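I have placed the structure first, in the form of structure tokens, so that the comments after it can refer back to it.
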Amino acid sequence: MPDQATDLALIESVIAGDQQCFALLVKRYQRYVFTVALNFVKQREDAEEIAQDCFIKVYRSLATFQKQSKFSTWLYTIVYYTCMTFLRKKQPDKISMDDEENFLQLENKESDFKANHAEKKSRTEYLQLAMKMMLKDDAMVLTLFYQGEQSIEEISKITGFEANTVKVKLHRARHRLRAKLEVILKEEVRDLIH
């Protein structure tokens, strides 16, 4: 993950008028922003649109960055709330994350993926497939923690959840991810045998 000192130097340069430094910030974080957005919205085009909107928001409000937390924490906060706003506009009916029936419906809807050969799939592809099947909160927490390298406290700041809640969500998300991977791999083996 990028160094906070170099992020701050780039931010100062952007505020001073150096547009090339903003391009460097975008290049540095675009993959993570896109990944977080994709884990929420599940559609590549929507995630690309959200990522673009986020960087526009970052550019417009960069001078308000207080430097009390890492830039990545501030950025992911913007991504998180932009995704939440997008989902509220797109899906007016809210689904409870704790409702197991809704969780199973989502799982069934997403689990129709069939691969031709297990040996052709890399670990990354299996992980990406499993992440697409996750609830958005689970995918978001896993992405921020593992790909975004955010601490529990930073994820708490980003999401507004208490740190203990983040720990519990992370723990449960790991178990759900493991279960998703087990299902995917069993289906791959079954498809190879038939």
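Filtered by the rule that a residue be outside any helix (DSSP H, G or I) and at pLDDT 85 or above, the stretch 67-85 gives a lone residue, Lys70. Looking across the stretch 20-74 at every residue that is free of Cβ contacts under 8 Å to residues at least 40 places away in the same chain and among the small types (Gly, Ala, Ser), the one that is farthest from Val141 (Cα to Cα) is identified as Ala23. Does Val33 satisfy the condition of being open to solvent by less than 80 Å² (accessible area, probe 1.4 Å) and over 20 Å from Phe145 (Cα atoms)? Spelling it out, it is not the case that Val33 is open to solvent by less than 80 Å² (accessible area, probe 1.4 Å) and over 20 Å from Phe145 (Cα atoms). In this structure, Glu125 does satisfy being loosely packed, with under 13 Cβ neighbours inside 10 Å and either farther than 28 Å from Thr77 by Cα or at pLDDT 60 or above (or both).
Looking at this structure, is Glu153 acidic (Asp, Glu), in contact with a Ser or Thr (Cβ under 8 Å, 6 or more places away or on another chain) and at pLDDT 85 or above? No: the conditions fail for Glu153. Of all residues in the stretch 129-141, those that are touching a residue at least 12 places away in the same chain (Cβ under 8 Å) and among the basic types (Lys, Arg) have Cβ atoms under 9 Å from Cβ atoms of residues that are open to solvent by 10 Å² or more (accessible area, probe 1.4 Å) and outside any helix (DSSP H, G or I), 6 or more apart or on another chain, in Lys132/Lys42; Lys132/Phe113; Lys136/Lys42; Lys136/Met97. Based on this model, can you work out whether Lys180 counts as surrounded by 12 or more Cβ atoms within 10 Å (Cβ to Cβ) and modelled with pLDDT of 80 or more? So Lys180 fits the description; yes.
The values are calculated or read from the model by the stated rules, or taken from the named source; none is laboratory data. Note that the coordinates shown come from a computational prediction; the quantities given were computed from them, not determined experimentally. Backbone-built Cβ (ideal geometry, glycine too); neighbour counts: all protein chains shown. Quick note on the areas: whole protein, heavy atoms, side chains included, nothing else; ligands and nucleic acids left out. Shrake-Rupley method; radii C 1.70, N 1.55, O 1.52, S 1.80 Å.
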